[in-house]
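Here is the structure we will look at.
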Amino acid sequence: MFVSTMLLPAWLQAQTSTVAQAPQSSGAPIQLRDAGAAPAAVPATEQVSAQAAGKSLAAQQTPNRLIPPRLGEFERYVQSLPEGRDVRRLGAELAENAEDGLLAGTIPSSPIVPPDYLVQPGDELVLTIWGSVDADLRLVVDRVGRVNIPRVGTVLVSGVRQSDLADVIGRRVAQVFRNYQLSVSLGQLRGMRVFVTGFVERPGSLSLSSLSTLAQALLRAGGPAASGSFRDVQLRRGRSVVAKFDLYDLLLKGDRSADVVLQPDDVIHVGPVGPLVAIMGSVNRPAILELKPGETVGDAMRMAAGLSAVAETSRLSIERLSDRAGNRVVLLDLPAGMSAPLANGDVLRAFSAVDVVQSVVPRNKRVRVEGEVMRPGEYVLPPDSSTSDAIAAAGGLTQSAFLYGTVFERVSVRQLQAVNYDRALRDFETELVRTPVATRAANREEADTAAASAEAGARLLEKLRAIRPTGRIVLQIPPEATTLPQLAVEDGDRMYIPPRPNTVGVFGSVFSAGSYLHSPGRTVGDFLRLAGGPTRHADHGSVFVVRANGTVRSSLVNTSWLNRGNQLETLPTEPGDTVFVPDELSRITWVQAAKDWTQILYQFGLGIAGIKSAFN
């Protein structure tokens, strides 16, 4: 005879077929069962299946909502440290993910049976014979390990491997029939009861499939408790310890060699937790680790997947709770410190090499020079370089360079401006909310005016939030300057030297905003008249001028309650000036008191483009 392999999708089992060779007999196939007849009845006590076991576990051992595992005292202490907020015990996520899958119904109920699975009483066999014999049987192995095949008799299958079932049953059937093919697979598997004891989240008995392993049963019981060990799990069968399982082998190495298949009435015992240490900071996997005797700093570092890419590789700190009355925190030099022993309660911390602010003096500087220079681009300059060195590296200035209008931007200044700017916007928003509450309108007209003013302030706030500070440093040089101040450059600085302008811009609440050709001797009032003058809603007393170098001249500076109006009418203009005429916002007291137009420009460095967008 020969053996062939085929697949029954209903059971997802690898099946084998056996063909018996003999002269073909005439006549219809012998029926070993009636078409549509139910399989032979078996005792109810023997019909224990993996499906029933799974239902029993879901109904009896799993509540609708699992209680979060209680944290141990050391874990709570570590999470109270500055860098330990999210540090968990290594392996805690494994049990939590298993419970989530159980509640969601994603635990497979029909796992694939391995070829070396041993058939035992209570298992169901699916037997199909065709050819000279027609049979489709579902047979349950009885208590003595046999199945009864009609017209063939009993076959002992207990202890037979799943891959050998076809040969064993085929030899017995061949004693009675010829010219047939046979396939056999496992149907519903027997259920079994095991016990989980010791320091586990939910100790007790579990009803499991006969294919369940030690790790699966442990995770179904919630995993080790806060007082339980991940590294001392024993499988006891009778009076013998048949396996010792270290969950760290599975977590860190993917090694399941000790994860054996369970048998009925096995006992899984979780021992008490061993010494615990924490490792945090610039490591790839901060965690609380359980140690075995003799393990060192190097072992803990390997469990944490080593130092991160930005970690300082020359030293570690170790905080020893056992030395609370002494130094407590000591430094370990690497790599010599890798062999240092660890004690229960130690906390290892790896330092970051990038979080610490270092001195900028000994480092080279990256500076971008753009505009009217011979070779615009980004340059790396020596540590003690200045603005003139940056200009020289770019090949010097062109004939059209306008140094008075140089835009010099710095990263550190932009960050500081952003903090102050956001604080000012929060104050502005608070004042917008508080002003309508504090003001009581005497009539409908005042109420409408207050509402319109509040709406205008809200629109302005929205526009100002879209503008961000540029980090510009105002260079105090005269308009005819030919050199820049000797200012030391920093990493990330940007210098833009514009061409010499010949226009003056007028924007805001004027009838014809735009840029007008500059001519010597013309004043701010002259250009306001060229733009058609301020509109009816303009704030005449808050007009200000932004010079090309970033400085601001405001009519508010010299204005008092005895002297109202535009004080810049007679101010001579310079090429590159920008004149702004704000809207009247008399109802917004924050704008009045803070004289915000000048402060926004001068203190926060928003730039002309940003203020134009706020006015339009």
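Values as computed for the structure displayed
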| read-out | value |
| --- | --- |
| Segment 118-187, relative contact order [Cα under 8 Å, separation at least 6], % | 41 percent |
| Sites matching trypsin sites (Lys or Arg not before Pro) across segment 247-352 that sit in DSSP coil, with at most 14 neighbouring C-beta atoms within 10 Å | R256, R324, R328 |
| Three-way shape label, segment 319-434, alpha-carbon gyration tensor, a/c 1.5 | oblate |
| Where N is the number of residues in segment 106-237, Cα Rg divided by 2.2 N^0.38 Å | 1.36 |
| Residues with amide H under 5 Å from that of T503, placed H, sequence gap 5 or more | H518, G576 |
| Segment 136-197 and segment 361-416: distance between their alpha carbon centers, rounded to Å | 86 Å |
| Loop trypsin sites (Lys or Arg not before Pro), segment 486-542, which have at most 11 other Cβ atoms in a 10 Å radius of their Cβ (DSSP) | R536 |
| Label zone at R522, where the point sits 7 Å out along the Cα-to-Cβ direction: segment 463-506 residues whose backbone N lies under 13 Å | 502-506 |
| Simple spin-label estimate for T503 and V419 in nanometres, 7 Å along Cα-Cβ | 3.9 nm |
| Overall form of segment 118-187 per C-alpha gyration tensor (a/c, 1.5; a/b vs b/c) | prolate |
| Long-range amide H partners of V140 with built H, under 5 Å | L125 |
| Residues whose placed amide H lies under 5 Å from that of G508, excluding near-sequence neighbours | V581 |
| ³J(HN,Hα), Karplus 6.51/-1.76/1.60, whole Hz, each residue of segment 74-81, x for Gly, Pro | 5, 5, 5, 5, 5, 5, 7, 6 |
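None of the figures in this text is laboratory data; all of them are computed from the coordinates on show. Bear in mind that the values here come from a model prediction, so they are computed numbers and not experimental data. Here the Cβ is made from the backbone with ideal geometry for all residues, glycine too, and neighbour counts use every protein chain on show.
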